[in-house]
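Take a look at the structure set out below.
The values are calculated or read from the model by the stated rules, or taken from the named source; none is laboratory data. The structure presented is a predicted model; accordingly, all values stated were derived computationally and were not measured. Heads up, the Cβs are rebuilt from the backbone with ideal geometry, glycines too, and the neighbour counts pull from every protein chain shown.
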Amino acid sequence: MHRHLGFNREHHQRFGRHGMGGHMRRHMGGRGRFGRFFDHGDLKLVILRMIADQPRHGYELIKAVEEQAGGAYSPSPGVVYPTLTWLEEMGFVTAADAAGGRKLYTITAEGEAHLRANEGQTAGIFARMAEAAAASTAFSPQILRARENLRTALRLKTTGGALTKEQIESICDALDAAAAAVERA
């Protein structure tokens with residue numbers, strides 16, 4: 001078994017099952033990287049505030065939330081798009097068709113009033129996100145981009161059909177080499 005793909009008890013004890021140390025979880029109110037980052041309703045306020053700052057597409061909102069949280073949290077499309085639908089149904093945003101079949105979301109007067117009514121809570125959420133970003137120095141935009149490139153390449157390769165034994169060995173060797181290089185960095 002390759003050293004980097006095996007269970008590492010010391011790493012597990014230090015960073016937990018999902019890679020984030022207790023220090024970071026404490027700063028985020030007990031939520032780890034793969035745990036619940038926002039309390040109920042928080043993401044709705046975050047997205048609404050970001051749309052108030054600038055009309056955006058769903059994909060732009062996903063990236064903006066991830067960037068604002070310093071990579072400590074990245075919402076899935078399965079969370080963001082239903083949230084946008086809810087905001088639209090509540091009358092807080094409108095959606096206009098844009099190029100490429102995408103929707104551009106813009107805040108309404110009702111949405112602005114909702115933000116004003118929840119200003120303290122919204123400010124607290126963004127402060128928590130900023131704290132998570134400050135504590136998450138390992139998640140620079142460059143590292144996030146490179147990680148996503150690797151994730152995409154691996155997903156495309158492994159879902160494109162059956163891999164040969166040689167392809168599997170080559171991919172494992174490349175991943176092991178990358179892990180070793182990251183450890184030495």
* Say whether the condition of being surrounded by 13 or more Cβ atoms within 10 Å (Cβ to Cβ), at pLDDT 90 or above and acidic (Asp, Glu) is met by at least one residue in segment 115-125. => no
* **Which listed residue is more than 22 Å from the chain's Cα centre (by Cα) and either assigned by TED's automatic domain parsing to the domain that holds residue 73 or without any contact (Cβ under 8 Å) to a residue 24 or more places away in the chain (or both), from 177, 153, 146** => 177
* Would you mind telling me which numbered condition in (1) out of contact with any helix residue (DSSP H, G or I) (no Cβ under 8 Å at 6 or more places or on another chain); (2) in the same structural domain as residue 68 (by TED's automatic domain parsing) residue 130 fails? => (1)
* So, in segment 83-104, of the ones that are in a helix (DSSP H, G or I) and at negative phi, which residue ends up modelled with the lowest pLDDT? -> 99
* Asked: Which members of segment 73-98 meet the condition of being closer than 28 Å to residue 132 by Cβ and either among the hydrophobic types (A, V, I, L, M, F, W, C) or not assigned by TED's automatic domain parsing to the domain that holds residue 51 (or both)?
  -> 79, 80, 84, 86, 87, 90, 92, 93
* Structure fact -> Apart from one, (1) touching a helix residue (DSSP H, G or I) at 6+ places or on another chain (Cβ under 6 Å); (2) not assigned by TED's automatic domain parsing to the domain that holds residue 53 all hold for residue 105; the odd one out is (2)
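Can residue 167 be described as surrounded by 12 or more Cβ atoms within 10 Å (Cβ to Cβ) and out of contact with any Gly (no Cβ under 8 Å at 6 or more places or on another chain)?
yes
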* To do: From 142, 167, 121, grab the single residue that is assigned to a helix (DSSP H, G or I), among the polar types (S, T, N, Q) and touching a Leu at 6+ places or on another chain (Cβ under 8 Å).
  => 121
* To do: For residue 107, state whether it is within 20 Å of the chain's Cα centre (by Cα) and at pLDDT 95 or above.
  => no
